[in-house]
Every structure is written in C-alpha cells, then in structure tokens.
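These notes are about the structure you will find just below.
The values are calculated or read from the model by the stated rules, or taken from the named source; none is laboratory data. Since we're looking at a predicted model, the values are computed, not measured. Cβ atoms come from the backbone with ideal geometry, glycine included; neighbour counts cover every protein chain shown. These accessible areas exclude ligands, DNA and RNA; they are computed on the full protein's heavy atoms, side chains included. Shrake-Rupley method; radii C 1.70, N 1.55, O 1.52, S 1.80 Å.
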Amino acid sequence: MTELPFTLTIDYLILSADSDFITEKEKHFNEEVFCKLLSEIQEITPAPTLKVYAHSTNFYEKISELVNSAHINAIFYFYYNENLNNLPDKNNVNLIFALNTPDLYAKINIHKNHAYNLILEPSAGLDKFAKKEFEKIKQDNTIKNLFLQPYLTEAEIDKYSKNILNRKFLTCAAAWLNPVIDNCGNIFCCKYNKIGNISKEKLMDVWNNDIANSIRENIIRAKNLKQCSSCLKKYNDSFLIVDNAEIEYNGNKYVFPSEINYVASAPKIAITGQQTSEHVYLTEPFPVFSDEDITSPDRQMLLLLG
C-alpha cells in the first residue's frame, strides 16, 4: 500500500435517504439504517456534517428530529420533481434543478423568494431551449438564492452536456473524506465503489477495510478512474493529493506540512506560506471567490492555484 504523509478525516457523509445506488429505485425512508448511521457518526471526531439527498420531503420532519437530538449538523438536498411539495423554508435546505428541466425559468421564479437555496446542476443534452431558459435566469437580478454547482463557465457547461469536458484534474479525495450511504445501508467510497453495508458492520471498520484501501491506492496511482469521467464531483470538488509531501506545480516545488489534508477547489485556491531558496512551505489553504479574498490585509503571501 502507498502510505499518505498525512491523515485525512471525514468532513461530511452523504446519505441517499429514499433510494439505493444498486437498483437506483426510490424507496421509503429506512429509519433503522438512519439511526445506526447517526449513532456511528457521533463516534467520529470531529463530528462530520451529514448531507441528506432525497426525492421527497415526507421524511424531513422525522430526520430533523433525529439529527437534532443527536446534535449533528445536517444539510438537505431535494431533487426537483412535479410531485415535490411542502418544501421546508429553511436555509439548510437546497432544491436541485437540472439545467435541462423544461420551463426552468418559470419554475425557478416560483421558488425564488424563499429561505432555501436553489441549486442548478449541469446536465447532459442541453438543447437550444434549455440554453434560452438559462439565459433568462442569468439576466434576472431578482433571483438571489440561486447557485450553479459545480461552478463551470458557459463553455464548460456546453462541453459537459456533451460529455467532453476535460478540466484539469489532479485527483479526488472523496474516497478519503466522504462516505456515501444509501437507503439500504450500502456504504460506498463514492457512488461507484461499494465497500460494505452499515447493517452488517461498523461504518469506520468498513471505511478502513481492504476494499476501500485498494480503491484509494488505485486513485493515487491512476489519478482518474474510468468511472470518474462523468462524475460531477470531479468538477465540483477537485483535490490535491500527493503520495509524498512534495509536489511540483508550474515549475515551482511546494512542500505540504503534515497538518494539511487537501486543497478543495474553487474558482481559485489561495495558499499562505513561507518561502526559502528552494521550496515554498504551504500553511493555510482557503478558497477564493472574489478579489476581496485575495487582497485581505491579514494575508501575507498568497500563491494562487487555479
């Protein structure tokens, strides 16, 4: 096995609350699986956030009650569909629209004056009608709670819809940071790699088993696995992981201290550091979304990776 020079800690778990990733069929909320998951999340330090994805709001009150009693932070993501109703008007709730949703602009307007966030996801097969809808949305400055995730340029969106996007990608840390659990209790390193089931084993035992570590070694060695090519996470959460503590980037040598686990993607990544004649030692990665972030007076030396 390739040994990483630092320890990666789970930062959030993903739960598919009413479907499974094997058959991809919708199912009723599985409270038994969910309660076992909550009990094991409480054993992880620091306690990670739980991201709950679902097609229905029917179980929202029950899950909210359970996570609150367990003192776990939860964020909810609901996929838009015609039958979705009673969406909780709270800022920890997100409503996901695919960019090729028919009559997208009109549907976005129905939801624009709420506390919950609206998420647009790139989708395959964008036609001229979908592009016109997207143009209407961009020109409407009354829509304040709408976000494009992942952040792609218009040219990249067009390429992604044709499955030809080739954004620079170093490697993905999902297999170290983000367990995915479906309604049946199946545990995945990511959506594509099943490594066990929480109904039969403890989460952290599965997360560190030989199957999971083999997948991680393949990621380190290959950088891109075949199934990564069409995954939106590739463009939303690209990570910098090296199998030694030194990496060359644009002709410069960078040394990662042991406490840095990964650098998450944003339009740009700024990193503070100290420079010697031979190396730049990185100390504090943070995402950059605006010029104000870069020019902040309390930042001394900034290296931009984009």
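Observations on the structure shown:
- Value of D in µm² per second that Stokes-Einstein yields for region 11-51, Kirkwood Rh from Cα pairs, at 37 °C (0.692 mPa s): 293 µm²/s
- Total formal charge among the other residues, if their Cβ is under 12 angstrom from that of Lys136, Lys/Arg +1 and Asp/Glu -1: 0
- Pairwise inverse Cα distances across region 56-184, averaged and inverted, put the Kirkwood hydrodynamic radius at 16.7 Å.
- By the compact-protein rule of thumb, 2.2 N^0.38 Å, the alpha-carbon radius of gyration of region 29-111 corresponds to a ratio of 1.25.
- Accessible carbon and sulfur surface of region 83-198 relative to its total accessible area, %, 1.4 Å: 50 percent
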